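Below is one structure, written out as structure tokens; the observations come after it.
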Amino acid sequence: MSSDNRWLRTARLELAYFSGGTWLVSRTTAGAGAVLRFERVRPRRKGAFQPLKHAEITPVFLDKMIRALKRWGYDIVALDEACERAVRLAEDRRFACLTFDGAWKDLITHAYPVLARHGVPFTVYVASAFPDGLGEAWWLALEAVIARESRISLVIDHREQRFSVARPAEKYELFAYLWAWLRKLPPAERSIAIRDLCSRHSVDLVALSREAAMDWADIAQLAADPNVTIGSATVHYPVLAHLKDAEAQREIAMGKAVLETALRRPVRHMAYPFGDRDAVRRSDAVLAAQAGFVSAATAIGGVIQPEGRTRLHLLPRLAWDGRSRSLRAIQVLMAGVTLPKAKAAPQPSLDIG
């Protein structure tokens, strides 16, 4: 989302709040509750180039949000209870369910102390290759390369490409371009491409990925807490929509099997990697159900409707843009208010050398 579109969306949400839209929505529109999706929780970083900032919130904001949910009268529930409420008749009190994608190290160091202090349940989705030290956080490596370089070279479609990215705006543009390109590659080709890029620009992909992700000891610490649900996010965190059905089935089933072996307990829930409309197919929902998951969460926005009107294997979640700190806007989204999709701003052409 462009900066202009982001601010416009925030302004619309604020307007909906002050115009009373939050309070006028029907019970059907507001639903039974909402599943909230977060990724990284860590103190605010300095630097003009932070393309993944939208996926971050601070521990202070997490604390304020939990306090606000309690103040607004939401029941903060575990994912199992959220799924049960999704098939029951609507209750007087709506629920909020907290979920965290990625199983990043900062969840242990920065988020967990806040969550434990409040005594609230939450879910962490784990891609099992990462605690094994085998996962490749290619998006973090891409950010690291572009942040440190003013000229970048790599091979795209068998051709050597060079980019000049001296200014932050140019870096953001190149990140968006390469992010979209890398996401569409088959996993083996993406691995070759990101390893080549990191090798050219002296970024240690393996160390970066291992340092960012929780290890099995961290996950065991969380799993020992009765307030924590551990869910699966496949093995290698691929874009399932770009895999053949057999490959997607293997990623879904193996992610579950590895976690169940490591934790010695059933793993009932999963989240689709990335989870947006371009990353998830309806056939993936069938595979998740066949693998034995009770729910499979997307990153597609929406509230949870009662009486079985929400498909648990295409579970909507509300993701919050970490660049905005408006609790009012969260309240509007959780009330089921939707906004028209903003048009993408035109992008200037890249300076290809």
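Using the Cα centre of the chain as the reference point, and only Cβ charges (+1 on K/R, -1 on D/E), how large is the resulting charge dipole? Debye, rounded to the nearest 20.
Magnitude of the dipole: close to 980 debye.
Apply the a/c threshold of 1.5 to the C-alpha gyration tensor of the range 221-313 and tell me whether it is rounded, prolate or oblate.
Verdict is oblate for the range 221-313.
Given the options Ile219, His54, Leu142, identify the residue whose Cα lies farthest towards the positive end of the charge dipole of the chain (+1 on Cβ of Lys, Arg; -1 on Cβ of Asp, Glu).
My answer, from the dipole projection, is His54.
Return the FRET efficiency for the residue pair Val60, Ala207: r is the Cβ-Cβ distance, R0 is 22 Å, and the value is rounded to the nearest 0.05. Intermediate results must be reported in sequence, preceding the final value.
Working: r = 29 Å, r/R0 = 1.32.
Plugging the Cβ-Cβ distance into 1/(1 + (r/R0)^6) gives 0.15.
Write down Rg/Rh for the chain, rounded to two decimals, with Rg from the C-alpha atoms and Rh from the Kirkwood relation over Cα pairs.
0.96
Determine the calculated [θ] at 222 nm for the chain from helices alone, applying -39500 (n - 2.57) to every DSSP H run no shorter than 4 residues and normalising by the residue count; nearest 500 deg cm²/dmol.
Helix-only estimate at 222 nm: -12500 deg cm²/dmol.
Among Ala129, Ala32, Ala103, whose Cα lies farthest out toward the positive end of the dipole of the chain, if unit charges sit on the beta carbon of Lys, Arg (+1) and Asp, Glu (-1)?
Selected residue: Ala32.
Rounded to the nearest 0.05, what FRET efficiency is calculated for Asp157 and Arg311 with R0 set to 25 Å and r the Cβ-Cβ distance? Mind dumping the intermediate values first?
Details: r = 37 Å, r/R0 = 1.49.
With a Förster radius of 25 Å, E is 0.10.
So what's the gap between the Cα centers of the range 122-198 and the range 247-267, to the nearest angstrom?
27
Which one of Ala248, Pro186, Pro273 has its Cα pushed farthest toward the positive end of the charge dipole of the chain, where Lys and Arg give +1 and Asp and Glu give -1 at the Cβ?
Positive-most Cα among the choices belongs to Pro273.
At Arg195 and Ala217, where each label point lies 7 Å from the Cα along Cα→Cβ, what is the point-to-point distance in nanometres?
2.8
Return the long-range amide H neighbours of Leu318 (sequence gap of 5 or more, or a different chain), with a cut-off of under 5 Å between placed amide H atoms.
Val35, Leu36, Arg37, Gly302
For the range 36-110, count all C-alpha to C-alpha pairs, find those more than 16 Å apart, and express that count as a whole percent of the total.
On the way: 1621 of 2775 pairs.
Everything past 16 Å amounts to 58 percent.
Within the set Lys70/Lys256; Lys184/Lys244; Lys171/Lys244; Lys46/Lys105; Lys53/Lys244, which residue pairs have Cα atoms separated by over 22 Å?
With Cα atoms farther than 22 Å apart: Lys70/Lys256; Lys171/Lys244; Lys53/Lys244.
Readers should treat all values here as calculations from the given coordinates under stated rules, not as data from a laboratory. Since the structure is predicted, the reported quantities are computational estimates derived from the model, not experimental observations. Neighbour counts are summed over all protein chains in view; Cβ atoms, including those assigned to glycine, are modelled from backbone coordinates with ideal geometry.
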